[in-house]
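Chemist: Mind having a look at this structure? Questions to follow.
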Amino acid sequence: VKKIAVLTSGGDSQGMNAAIRAVVRTALYNGIEVYGVQRGYQGLINQDIRPMDIRSVGDIIQRGGTILQSARCQEFRTAEGQQKGAEILRAHGIDGLIVIGGDGSYQGANKLSKLGIKTMGLPGTIDNDISFTDYTIGFDTAVSVVVDAVNKLRDTMSSHERSSVVEVMGRHCGDIALYAGLASGAESILVPEVAFSIDEVAQRMKENFECGKRHSIVIVAEGVGRGEDVAQGIIERCPTVEPRVTVLGHIQRGGAPTAVDRILASRLGDFAVRKLMEGESGKGCGIIKGELVATDIDLVVNTKKEFNMGLYDLATRLSQ
Ligand code: ATP
């Protein structure tokens, strides 16, 4: 490859900027020209493409969001849109593309690969819902945001002997709830991967208060439903518990990335460029047991991410 481009697509995540920086600087270091595509696949179709130099990615490693901005693009879901994208890249002399995003963005990259553009996907999403990587870029920061919020809730809950239901993001994946729940000592963690009964959750909260606990936290992954409905279910069964609901929402997607996310993004960005240089294409990059890996996107998007039951059981045992 002689000229490559990079874009961010789908929901943004902390650490995307660190990944862009790594892509740009690794490419330039290896004598490859690099372009930034603004606003994901929409920007590609609109030819919103500009050259990137060393300085263009200065002072961004610590910033949340993405300097290239992100978008969802209906047109790119169509064969014509994909064809147009491939032609525009070719017209600019660009023979490689690195796409930072989630599952949907990966599928777009796969389509371009089949049209002759060399592509690599980087897992940029807070949800940690991408297979063939233990962690996605942004997940660690999102978990830290939730843990920080729960710490604050604990202060006021203890003062008033109250309980809290905290709804967190993750789409269909319960990982943010699981990791944040374990790290914040939540009493119950409700995730779409594990069946639960509101009766038991409510009973547990009631018993906890009766035996002297001064606060009680239930973390609800958005994949199981609304925190408000969970709280209502608890109140109907145990009116004395009276949980307050906090929906953290997009706060989880913002803020400075943690060191863990910056390092992961830097390693993956560098790895993706090197894979393109080796002539690979249509792969999703990830980290498994500390090792960087590139897996066929077809396999990545058609494999459901395995849920860490061991960690879930641990969180349950420790929250007695
Ligand atoms: P996140 O889940 O973190 O929001 P995502 O990448 O899964 O990220 P999507 O909205 O699913 O977010 O996808 C982003 C963009 O990728 C879409 O707007 C569309 O342009 C493109 N895309 C999604 N699915 C496909 C597909 N099957 N074929 C081609 N392009 C696709």
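The values are calculated or read from the model by the stated rules, or taken from the named source; none is laboratory data. As the structure is a prediction and not an experimental result, all values here were calculated from the model. So basically every Cβ, Gly included, is an ideal-geometry build from the backbone, and we count neighbours across all protein chains shown.
Chemist: Filter the stretch 38-56 down to the residues that are under 13 Å from Lys3 (Cα atoms) and not basic (Lys, Arg), then identify the one that is farthest from the ligand (Cβ to nearest atom).
Modeler: First, pick out the residues of the stretch 38-56 that are under 13 Å from Lys3 (Cα atoms): 49-53.
Checking the rest, the ones that are also not basic (Lys, Arg) come to 49, 51-53.
Working: Ile49: 16, Pro51: 23, Met52: 21, Asp53: 27 Å.
That would be Asp53.
Chemist: Filter the stretch 108-133 for residues that are under 23 Å from the mean Cα position of the chain (by Cα) and of a type in the set (A, V, I, L, M); which is farthest from Ile251 (Cα to Cα)?
Modeler: Leu112
Chemist: Determine whether the stretch 45-58 contains at least one residue that is in contact with a Gly (Cβ under 8 Å, 6 or more places away or on another chain), at pLDDT 95 or above, closer than 24 Å to Cys285 by Cα and basic (Lys, Arg).
Modeler: The answer is no, given that none of the residues of the stretch 45-58 is in contact with a Gly (Cβ under 8 Å, 6 or more places away or on another chain), at pLDDT 95 or above, closer than 24 Å to Cys285 by Cα and basic (Lys, Arg).
Chemist: Answer with yes or no whether Gln83 is within 16 Å of the ligand (Cβ to nearest atom), in a loop (DSSP other than H, G, I, E, B) and either touching a Cys at 6+ places or on another chain (Cβ under 9 Å) or closer than 23 Å to Lys114 by Cα (or both). Write out each step before concluding.
Modeler: Working: within 16 Å of the ligand (Cβ to nearest atom): yes; in a loop (DSSP other than H, G, I, E, B): no; either touching a Cys at 6+ places or on another chain (Cβ under 9 Å) or closer than 23 Å to Lys114 by Cα (or both): yes.
Considered against the rule, which asks whether it is within 16 Å of the ligand (Cβ to nearest atom), in a loop (DSSP other than H, G, I, E, B) and either touching a Cys at 6+ places or on another chain (Cβ under 9 Å) or closer than 23 Å to Lys114 by Cα (or both), Gln83 comes out as no.
Chemist: Quick one: count up the residues across the stretch 184-228 that are assigned to a helix (DSSP H, G or I), surrounded by 15 or more Cβ atoms within 10 Å (Cβ to Cβ) and of a type outside the set (S, T, N, Q).
Modeler: Let us first name the residues in the stretch 184-228 that are assigned to a helix (DSSP H, G or I), namely 184, 198-210, 222-224, 227-228.
Imposing the further condition that a residue be surrounded by 15 or more Cβ atoms within 10 Å (Cβ to Cβ) reduces the set to 184, 198, 201-206, 208-209, 222-224, 227.
Narrowing the set further to residues that are of a type outside the set (S, T, N, Q) leaves 198, 201-202, 204-206, 209, 222-224, 227.
So the count comes out to 11.
Chemist: Something else now. Could you list, in sequence order, all residues of the stretch 12-64 that are under 15 Å from Pro123 (Cα atoms), of a type in the set (A, V, I, L, M, F, W, C) and in contact with a strand residue (DSSP E or B) (Cβ under 8 Å, 6 or more places away or on another chain)?
Modeler: Scanning the stretch 12-64 gives Met16, Ala18, Ala19, Ile20, Val23.
Chemist: Those residues that are in a helix (DSSP H, G or I) and without any contact (Cβ under 8 Å) to a residue 60 or more places away in the chain, I need them from the stretch 86-132; list them, please.
Modeler: So in the stretch 86-132, the residues in a helix (DSSP H, G or I) come out as 86-91, 103-114.
Within the stretch 86-132, Ala86, Glu87, Ile88, Arg90, Ala91, Lys111, Leu112 qualify.
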